[in-house]
Amino acid sequence: MNKSIAILISGEGTNLQAFIDAQKEQLLQGKIAVVISNQPQAKGLKRAQLANIPSDTINHKDFKNRDEFDYALSKTIDKYQPDLIVLAGFMRILGTPFVTKYQSKLVNIHPSLLPKFTGLNTHQKALDANETEHGCSIHFVTDELDGGPVFAQAKVKVSQQDNKHTLANKVHQLEHQLYVKCVNLLLSNRLTLNNQKVFYNNEPLIGTIGL
Ligand code: GRF
């Protein structure tokens with residue numbers, strides 16, 4: 001069966017580009033059905049257009065509140081019936097009804113080694129905390145911000161010379177590889193969520209998947 005994904009973005013879309021490139025190279029175990037942005041100016045929308053992938057903008061500013069925005073978003077997603085919803089730099093918090101509706105098929109990438117440094121400015125936070133290691137995490141989404149079950153992580157060494165830009169750059173390279181790898185595992189049902197527990201090859205996942 002041909003699986004499909006919806007990718008939600010808000011900005012640059014370099015993770016989206018990694019999925020587009022993987023799809024072009026036939027390295028994605030499914031098809032990108034749609035790219036949805038809450039930001040009309042998101043550069044990722046151009047990336048989708050260039051790759052002839054359907055895209056849509058649901059501008060959060062057009063809605064009175066979070067519930068109405070989430071409802072419109074879910075209506076658009078449902079038109080494409082995706083098997084997986086991939087948050088790739090999507091900068092809106094999703095409400096409980098939305099998250100509950102899509103639980104076990106909603107994943108996010110976060111630029112830190114969770115549970116360290118939730119929220120924004122994670123690279124600066126890692127530097128300020130004198131971390132020697134930093135990285136990214138991929139997790140199922142729950143209604144706790146950056147709090148759902150983490151199933152994959154990749155690490156970089158933090159050097160004395162690093163600033164938030166060099167560190168962001170290093171982490172981004174890892175994100176692109178790890179996210180494509182994990183989405184493929186999810187699409188092929190080798191990675192699943194059952195009762196808030198992650199299973200890898202039908203066994204409870206111990207630790208996290210890496211590159
Ligand atoms: C990434 O660092 C991701 O971890 C975070 O937002 C950033 C998105 O980058 N959630 P891009 O838009 O994919 O380039």
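The values are calculated or read from the model by the stated rules, or taken from the named source; none is laboratory data. Predicted model, so just to flag it, every value in this text is computed and none were measured. Note that each Cβ is placed from the backbone with ideal geometry, even for glycine, and that neighbours are counted across all protein chains shown. The protein model used for the area step is the full one, side chains on, heavy atoms only, and it has no ligands, DNA or RNA in it. Shrake-Rupley method; radii C 1.70, N 1.55, O 1.52, S 1.80 Å.
Apart from one condition, Leu28 fits all of (1) in contact (Cβ under 8 Å) with a residue 60 or more places away in the chain; (2) surrounded by fewer than 19 Cβ atoms within 10 Å (Cβ to Cβ); (3) of a type in the set (A, V, I, L, M); the exception is (2).
Taken together, Val156, Val180 contain a single residue that is in contact with a Lys or Arg (Cβ under 9 Å, 6 or more places away or on another chain), among the aliphatic types (A, V, I, L, M) and either open to solvent by less than 40 Å² (accessible area, probe 1.4 Å) or part of a loop (DSSP other than H, G, I, E, B) (or both), which is Val156. Taken over the stretch 83-115, the criterion of being more than 13 Å from the chain's Cα centre (by Cα), more than 14 Å from the ligand (Cβ to nearest atom) and open to solvent by 20 Å² or more (accessible area, probe 1.4 Å) is satisfied by Asp83, Thr96, Pro97, Thr100, Lys101, Gln103, Ser104, Pro115.
Restricting to the stretch 122-149, give me the number of residues that are in contact (Cβ under 8 Å) with a residue 24 or more places away in the chain, of a type in the set (S, T, N, Q) and open to solvent by 50 Å² or more (accessible area, probe 1.4 Å). Matching residues across the stretch 122-149 total 2.
If you scan the stretch 1-23, which residues turn out to be assigned to a loop (DSSP other than H, G, I, E, B) and near the ligand (Cβ under 6 Å from one of its atoms)?
Keep residues of the stretch 1-23 that are assigned to a loop (DSSP other than H, G, I, E, B), which gives 1-3, 10-13.
Gly11, Glu12, Gly13, listed by residue number.
Among the residues making up the stretch 52-105, those that are outside any helix (DSSP H, G or I) and of a type in the set (Asp, Glu) are Asp56, Asp83. Within the stretch 94-118, residues that are over 22 Å from Phe69 (Cα atoms) reach partners that are outside any loop (DSSP other than H, G, I, E, B) and among the acidic types (Asp, Glu) with beta carbons closer than 8 Å, at six or more positions or on different chains, in the pairs Pro111/Glu175; Leu113/Glu133.
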